Structure formats: structure tokens, C-alpha cells
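Here's the structure, in C-alpha cells; my notes come after.
The values are calculated or read from the model by the stated rules, or taken from the named source; none is laboratory data. Because the structure is predicted, anything quoted here is derived from the model rather than measured. Virtual Cβ from ideal backbone geometry, glycine too; neighbours counted across all protein chains shown. Side chains included, ligands, DNA and RNA excluded: accessible areas come from the protein's heavy atoms. Shrake-Rupley method; radii C 1.70, N 1.55, O 1.52, S 1.80 Å.
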Amino acid sequence: MKKYLLILLPAIILLVSSCRKDPPDFTGYEANGTSENNAFANSYMPTSKGTSWTYVTDPGTGTKATSEIHLTGVITPINGLNYFEAKSSTAGREAEVGYYYVDDHNYKILGATLQSGTVVEFNYLDSNLPVNGEWTAKMSPSGFINSIPARTKGRIIEKDITKVVLGKTYKNVIHTQLIVQYDMGSGFEDFGTYDYYLAKGIGLLETDTNLLGIVATSKLLNYTIK
């Protein structure tokens, strides 16, 4: 059962969506589209239309791929919050769609797992918190994934640090960690960790994922902030 649940965890190294032919089912999120544009240019995740990031990813197999993510300018209201639509392109795969939520201090990623299309949400940053500040968030509106209670526990690991990614040096970086937890009947247990590094005014620099010893990475190659 644990292995099965881990497969359903998002490969949310950036954002995710299903690569299957059937679109993911966002039932419960009450989403409907609209067209606007907004920007938090000095935040840890700029949201202006046309902003893009290119990442080099290694899913833990040693085979690297390059993915480009760009913001479309479409804002989708989901459960009363405005999510920014992002599209991801990777060679040899269909274009994928995911959603970012950003306000003055809360940051979330909403998308579907690659294997099953299961919709999940990661609240990966609360920038108002100090170092070692913590938060807990549900992974779905119901708090369940495949009928099993699921949540994430987040923590600020470092703030205002310098980070070198693929030979480039970034300042004003914040480092957070998410622990993915399931309750199999004996209380919540840890199933994996996601470490995020974000630079103010630039966005996500690097994500390091560890699921039962399988380590995956995603690193920023270049970016354009509109």
C-alpha cells in the first residue's frame, strides 16, 4: 500500500499535470475560467503573463530532461481563490497544465499526478514565518487522497541565503521543506520530502525530492520575468 501511495504522489518538482489522454478531474475544486492578469513582481513567485522558466530535471533515473513553464495570463477561481494558469512543455510529451496560487505570503501548486491524474495541492511556502516556522495543509479539499487522509507539513529551513544553481548565483533565497504524510490508520506517517528553493523576484530555483530513498531534482536553467 505504501508503494502504491507513493506512486500517486505528484512528481511536483515544478508543477504537474497528467500526461494521459484523459484530462485530470478537478471535481471538488469548483474551478471555472476567466481571463485577467496580475503580478506579484517582488514575490517569490512572479505571476505576470509571459513569465517563463526553463528547468533541467532528473526524476531519479539519471536521465535528464529540459522543461519550459510559462504563465498564460489566465486566472482561474478555485474555491474562492485566484490561481494562475501555467503550461509546461517537455520534448516528447504533450503540453501540461498546472496552477499556482500566490498572495502576499502564501504559495501553492495545484496539479495532477503523472501516473493517475489524481489532483493534489501543495502549500509550499508561507513567507511570513521565521526560520523553523511551521504550517500544516490538506492535499485536497476533502483532506483525502484515494480515500486516505493526506496532508503536508511545511517548515522554513533558511531565509535570505545565497544559492548557486547550475553555475549561477542567486540572492534573497528562501528554503522550505514539505513532508508528505498519510494516515494509514495509526496516525499520520511521513512518506517523503520536498525541498524548495525560491528567489525573490525570480521564482522557483530548485526542488529536491526524496521518496523512500529515491532522489529527484529540478534546477533552473534560465528564466524570463515579464
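Between their Cα atoms, which of LYS163/LYS200; LYS49/LYS108; LYS49/LYS200; LYS108/LYS138; LYS138/LYS219 are more than 20 Å away from each other? Spell out each step's value before the answer.
Details: LYS163/LYS200 12 Å; LYS49/LYS108 18 Å; LYS49/LYS200 17 Å; LYS108/LYS138 11 Å; LYS138/LYS219 26 Å.
Over 20 Å apart, Cα to Cα: LYS138/LYS219.
Give me the accessible area per residue for segment 65-186, probe 1.4 Å, as a whole number in Å².
On the way: 5110 Å² over 122 residues.
Here the residues of segment 65-186 average 42 Å² of exposed surface.
Provide the per-residue ³J(HN,Hα) series for segment 127-133, in order, calculated from phi with Karplus coefficients 6.51, -1.76, 1.60 and θ = phi - 60°, each as a whole number of Hz, with x at glycine and proline positions.
Calculated HN-Hα couplings, in order: 6, 6, 7, x, 4, 6, x Hz.
Please list, ordered by chain and number, the residues whose modelled amide H lies under 5 Å from the amide H of TYR44; skip anything fewer than 5 residues away on the same chain.
Excluding prolines and chain starts, which carry no amide H, the hits are GLY201.
What is the sum of charges around MET45, taking Lys and Arg as +1, Asp and Glu as -1, for the other residues whose C-beta is under 11 Å from the C-beta of MET45?
Details: positive: LYS108, LYS200; negative: ASP103.
Net charge around MET45: +1.
I need the phi-derived Karplus couplings for segment 171-186: 6.51 cos²θ - 1.76 cosθ + 1.60, θ = phi - 60°, integer Hz, Gly and Pro marked x.
So the J values, rounded to whole Hz, are 10, 6, 9, 10, 10, 10, 9, 10, 10, 7, 10, 10, 9, 8, x, 10.
Carbon and sulfur together cover what percent of the accessible area of segment 70-226 at a 1.4 Å probe radius?
On the way: 3110 of 6590 Å².
Of the solvent-accessible surface of segment 70-226, carbon and sulfur hold 47 percent.
Over all distinct Cα pairs, what is the inverse of the mean 1/r for segment 92-226, reported as the Kirkwood hydrodynamic radius in Å? It would help to have the intermediate numbers written out before the result.
Details: mean 1/r = 0.0626 Å⁻¹.
Result for segment 92-226 stands at 16.0 Å.
Could you list which residues have their amide H under 5 Å from that of THR118, counting only those 5 or more apart in sequence or on another chain, with H placed in the peptide plane?
So THR118 has HN proximity to THR113.
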